[in-house]
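Student: What follows is a single structure, and I will ask about it in a moment.
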Amino acid sequence: GSKMTNDTTSTSRETTTETTMPTNQALIDLQTHLKNSKELALPVAAIKSLLGVIQRSNSHTMMGLQEELRCASDAMIQWASKDNDDNSNNNQSNTPSLINRSTIALASGCQLFMKYVTRCFLELPDFTECKKQVLERGERFAGISLAARDRIAELGQEFIQDGQCVLVHGRSRVVGALLIKAATMYHKHFEIIVLEGRPDAGGCKVAKEFTDAGIPCSVVLDSAMGYVMERVDLVVVGAEGVVENGGIVNKIGTFALGVVAKEMGKPFYVAAESYKFARLYPLNQADLPDLTTKKLTFVDTAAAQS
């Protein structure tokens, strides 16, 4: 009986060690990807990190590989969801702060990749061949995801016409790429109104990017959205996630902006990548998983514009 107990304990420790090592490395990979490329979307960085888990995996069964991927996904989501009270260290490590950001997009990217791996195994029951195909297709999938922003910008710029006034809310890389491409590559002349974007003054930061690209841009208070709406020809926003009922999860104030735009008959467009489609069906504003950091960091508007 004693020998059996010792063997069981040893096996448990080995399993814990094997699971913990790839989990820790996946988290390191995620932070490295984000540090090396500030333009890399969080879900794409997660997918690339999960590919690393597969490359390093010593599992001999699909169940073992799926468990490693699940643990790595949970670790990344937990890290991104926590209150980063030690973010002062980010100045030294250059690890991006995720405070005030939803992690729904990250969770969606992980879930999408997990579904993809499972589907691949159903198509190819042989584990070795399946693992090979997952890596090949996964790299291709990551490449397609990286190119999604440019593809959306190319298609979306057609909605922008000369002489228009575009209202923007939040700091979306996709929206930024779309508007800058319309102005610089297609030489369209239009102006942008950006809502300030409290609490992190994200609107002020993106306004500087538009100004640097030569686009006339002005920043207004979030509470002035109704006042400026009559001047606006269309509204363009990004999204942290797209849910199953057709709604979106985005920066606070987007719901009010949509209501005002609808009431005043203004077109309202959302630019978002397909890997942000989440398996969520919220019934109201409060019916969302608690995947947002708790701590609010207020940024001075003047400092954000400098």
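The values are calculated or read from the model by the stated rules, or taken from the named source; none is laboratory data. Being a predicted model, the structure only gives us computed values, none of them experimental. All Cβ positions, even for glycine, are placed from backbone atoms using ideal geometry, and neighbour counts span all protein chains on display. With ligands, DNA and RNA removed, areas are computed over all heavy atoms of the protein, side chains included. Shrake-Rupley method; radii C 1.70, N 1.55, O 1.52, S 1.80 Å.
Student: Please identify the pairs in which a residue from segment 139-154 that is over 15 Å from Lys276 (Cα atoms) has its Cβ atom under 6 Å from the Cβ atom of a residue that is part of a helix (DSSP H, G or I) and of a type in the set (Lys, Arg), counting only partners at least 6 apart or on another chain.
Tutor: Short answer, once both residue conditions are applied: Ala153/Lys181.
Student: Quick one: Tyr116 ticks every box in (1) part of a helix (DSSP H, G or I); (2) over 25 Å from the mean Cα position of the chain (by Cα); (3) of a type in the set (Phe, Trp, Tyr) bar one, so which box is it?
Tutor: (2)
Student: I would also like to ask the following. Starting from residues that are in a loop (DSSP other than H, G, I, E, B) and open to solvent by 70 Å² or more (accessible area, probe 1.4 Å), keep the ones in segment 263-286 and report whichever is modelled with the highest pLDDT. Please lay out each step first, then the result.
Tutor: Just the residues of segment 263-286 that are in a loop (DSSP other than H, G, I, E, B), to begin with: 264-267, 271-273, 278-286.
Within this subset, residues satisfying the condition of being open to solvent by 70 Å² or more (accessible area, probe 1.4 Å) are 264, 279, 281, 283-286.
Numbers: Met264: 96, Arg279: 84, Tyr281: 88, Leu283: 86, Asn284: 85, Gln285: 82, Ala286: 81.
Looking at residues that are in a loop (DSSP other than H, G, I, E, B) and open to solvent by 70 Å² or more (accessible area, probe 1.4 Å), I get Met264.
Student: Another question, then. Of the conditions (1) more than 28 Å from Ile47 (Cβ to Cβ); (2) open to solvent by 50 Å² or more (accessible area, probe 1.4 Å); (3) at pLDDT 85 or above, Leu257 fails just one. Which one is it?
Tutor: Only one criterion is unmet by Leu257, namely (2).
Student: Kindly indicate whether Ile104 is modelled with pLDDT of 80 or more, among the β-branched types (Val, Ile, Thr) and touching a Pro at 6+ places or on another chain (Cβ under 9 Å).
Tutor: Working: modelled with pLDDT of 80 or more: yes; among the β-branched types (Val, Ile, Thr): yes; touching a Pro at 6+ places or on another chain (Cβ under 9 Å): yes.
Spelling it out, Ile104 is indeed modelled with pLDDT of 80 or more, among the β-branched types (Val, Ile, Thr) and touching a Pro at 6+ places or on another chain (Cβ under 9 Å).
Student: Scan segment 195-221 for residues that are at pLDDT 90 or above and more than 23 Å from Ala177 (Cβ to Cβ) and jot them down.
Tutor: Leu221
Student: Among the residues of segment 161-177, how many are touching a residue at least 40 places away in the same chain (Cβ under 8 Å) and open to solvent by less than 10 Å² (accessible area, probe 1.4 Å)?
Tutor: 8
Student: Val243 - would you say it is in contact with a Pro (Cβ under 8 Å, 6 or more places away or on another chain) and either crowded, with 22+ Cβ neighbours inside 10 Å or closer than 22 Å to Leu106 by Cα (or both)? It would help to see each step written out before you state the result.
Tutor: Details: in contact with a Pro (Cβ under 8 Å, 6 or more places away or on another chain): yes; either crowded, with 22+ Cβ neighbours inside 10 Å or closer than 22 Å to Leu106 by Cα (or both): yes.
It is true that Val243 is in contact with a Pro (Cβ under 8 Å, 6 or more places away or on another chain) and either crowded, with 22+ Cβ neighbours inside 10 Å or closer than 22 Å to Leu106 by Cα (or both).
Student: Could you please tell me which pairs satisfy a Cβ distance under 7 Å, a separation of 6+ or placement on different chains, a first residue in segment 38-66 that is farther than 30 Å from Ala239 by Cβ, and a second residue that is buried (at least 22 other Cβ atoms within 10 Å of the Cβ) and modelled with pLDDT of 90 or more?
Tutor: Going by the 7 Å Cβ cut-off, the qualifying pairs are Ser57/Glu68; Ser59/Glu68.
Student: Only one of Glu196, Glu209, Glu191 is of a type in the set (Asp, Glu), within 26 Å of Ala256 (Cα to Cα) and open to solvent by less than 40 Å² (accessible area, probe 1.4 Å). Can you tell me which? Don't jump to the end; show me each part of the working.
Tutor: On the way: Glu209 fails: open to solvent by less than 40 Å² (accessible area, probe 1.4 Å); Glu191 fails: open to solvent by less than 40 Å² (accessible area, probe 1.4 Å).
One residue alone meets the criteria, Glu196.
Student: Here's a check for you: in segment 227-240, which residue that is hydrophobic (A, V, I, L, M, F, W, C) and part of a loop (DSSP other than H, G, I, E, B) is surrounded by the most Cβ atoms within 10 Å (Cβ to Cβ)?
Tutor: Residues of segment 227-240 hydrophobic (A, V, I, L, M, F, W, C): 228-229, 232, 234-237, 239.
The next check asks that each one be part of a loop (DSSP other than H, G, I, E, B); those that pass are 232, 239.
Details: Val232: 21, Ala239: 26.
Only one residue tops the list, namely Ala239.
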